[in-house]
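Engineer: Attaching a single structure in structure tokens format; questions to follow.
Derivation of every value follows stated rules applied to the coordinates shown; laboratory data play no part. Treat the numbers as computed from the prediction; the structure is a model and nothing was measured. Virtual Cβ from ideal backbone geometry, glycine too; neighbours counted across all protein chains shown.
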């Protein structure tokens, strides 16, 4: 018995037009952290199945159409990369970095219900939403010029509230400048103020995907003193579907685990039903690249970022980047160029992110557009000073 019809010619044309539009837009992305060099065509055959990693990734469910074994391999890879204690960690593949951040804050709240959360003013906008949903009191801390948290302001603010447990939401790569908060410096503040009840969550959405392969490597992982960490899978690694990794100390996770008879497993995640395809993508990438391949991709991105800084400065557009960062920051450019190249701007600054798949040739095309716009602009508000050759 047939229930579905073939698409009409109009609907088919609509799909074809959407494909053409997306393909064209993909060629002009420079401002958002999405990798461009992945190829998962070998995995497309799995899209015909209702793959669902419902519940805890380490406990089998009565629903067997899953990729739990591969999810566990992915999590183990990142647990070792982020120097988590063997046997002392737990995690799962999320729908993205924001879910991982919510999970870390959720565990922190369960551990310290009366704590104050501290986060920098450069923190991703979704964190305030998570804090509101979790009903957690919080204080925003000033940031330094490069986007890193102001440790002096953090010290002074915690000191004024030292009667409360402390939860610090640390940025390991801020949205606009990719600044990294130093976990060791944060812990030294706790020591100085004799703070014994604290929790540190690290938001490493972009930077966590590659900074372990850099020298120097920022202080951000479990050995440095964090309690939980969130990384996006669709950013540096690359995925056609948004996803992420959250890792936590197992002792914290154990506080919220509940057995659910219906699914035959333990309810330890936020969403319950979870994507079973994205762990497959991440597993495939890990198997193909390995540590050495990811290191080479990192070096390539850093090369392109260095090239971009030099190219912008050469035309008189002051550009800079934080140490070992792939985000290049410069003065805000006209809206038309931001729309064409899909660039993010905030507080008078624009940035590009030299993700895997971004080449020097694409940087050159943006530079040409900037020069062309500057030479034709008659607006006094145009805030670029271009030194024409």
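Engineer: Given N residues in the chain, what is Rg(Cα) / (2.2 N^0.38 Å)? Please report the intermediate quantities before stating the final value.
Structural biologist: Values: Rg = 22.5 Å, N = 389, 2.2 N^0.38 = 21.2 Å.
Compactness ratio reported: 1.06.
Engineer: A further question on this structure: At R0 = 41 Å, how high is the FRET efficiency between residue 254 and residue 347 if r is their beta carbon distance? Nearest 0.05 is fine. Numbers along the way, then the final one.
Structural biologist: Values: r = 42 Å, r/R0 = 1.02.
Efficiency at R0 = 41 Å is approximately 0.45.
Engineer: Calculate the length of the line joining the C-alpha centroid of segment 273-349 to that of segment 78-127, in whole Å.
Structural biologist: What the calculation gives is 24 Å, centre to centre.
Engineer: While we're here: Order these by the 10 Å Cβ neighbour count, fewest first: 154, 296, 247, 18.
Structural biologist: Arranged by neighbour count, lowest to highest, 154, 296, 247, 18 become 18, 296, 154, 247.
Engineer: Normalised by the number of residues in the chain, what is the relative contact order in percent for Cα pairs under 8 Å and 6+ residues apart? Let's see the in-between values first.
Structural biologist: Working: 686 pairs, mean separation 87.7, N = 389.
Taking the mean separation of contacting Cα pairs over the length of the chain, I get 23 percent.
Engineer: Once you place label points 7 Å from the Cα toward the Cβ at residue 14 and residue 215, how far apart are they in nm?
Structural biologist: Once both label points are built, they end up 5.5 nm from each other.
Engineer: Given an 8 Å cut-off on Cα distances and at least 6 residues of separation, report the relative contact order of segment 1-142 as a percent.
Structural biologist: Worked out over segment 1-142, it gives 13 percent.
Engineer: For the chain, set up a GNM with springs between Cα atoms under 10 Å and report which of 149, 167, 65 has the largest fluctuation.
Structural biologist: 65
Engineer: Pick from 125, 19, 103: which is most flexible by mean-square fluctuation in a GNM of the chain where alpha carbon atoms under 10 Å apart are linked?
Structural biologist: 19
Engineer: Determine, for 333, 352, 241, the number of other Cβ atoms within 10 Å of each Cβ, and report the residues in order from fewest to most. Could you put the intermediate results ahead of the total?
Structural biologist: On the way: 333 22, 352 28, 241 13.
By the 10 Å Cβ count, ascending: 241, 333, 352.
Engineer: Now, a different point. Just to verify a number: FRET efficiency for residue 193 and residue 43, C-beta to C-beta distance, R0 = 56 Å, to 0.05?
Structural biologist: 0.65
Engineer: Zone of residue 372 (label point 7 Å along Cα→Cβ, backbone N under 13 Å): which residues in segment 336-357?
Structural biologist: 337, 340-341
Engineer: How much length is gained on full extension from residue 59 to residue 86, taking 0.36 nm per residue of separation minus their Cα-Cα distance?
Structural biologist: 7.9 nm
Engineer: Also: Between 91, 276, 348, find the one with the highest GNM mean-square fluctuation for the chain; connect C-alpha pairs within less than 10 Å.
Structural biologist: Ranking 91, 276, 348 by mean-square fluctuation puts 348 first.
Engineer: With a Förster radius of 25 Å, plug the Cβ-Cβ distance of residue 292 and residue 32 into 1/(1 + (r/R0)^6) and report the FRET value to the nearest 0.05.
Structural biologist: Working from the Cβ atoms, E equals 0.40.
Engineer: Treat the count of other C-beta atoms within 10 Å as a stand-in for reagent exposure and order 124, 155 from fewest to most.
Structural biologist: Ascending number of Cβ neighbours within 10 Å: 155, 124.
Engineer: Using just the helices of the chain, give the 222 nm mean residue ellipticity in deg cm²/dmol: DSSP H runs with n ≥ 4 each add -39,500 (n - 2.57), and the total is spread over all residues, rounded to 500.
Structural biologist: It lands at -12000 deg cm²/dmol.
Engineer: Jot down the radius of gyration and Dmax of segment 1-158, Cα atoms only, both in angstrom.
Structural biologist: Cα-based Rg and Dmax for segment 1-158 come out at 22.1, 71 Å.
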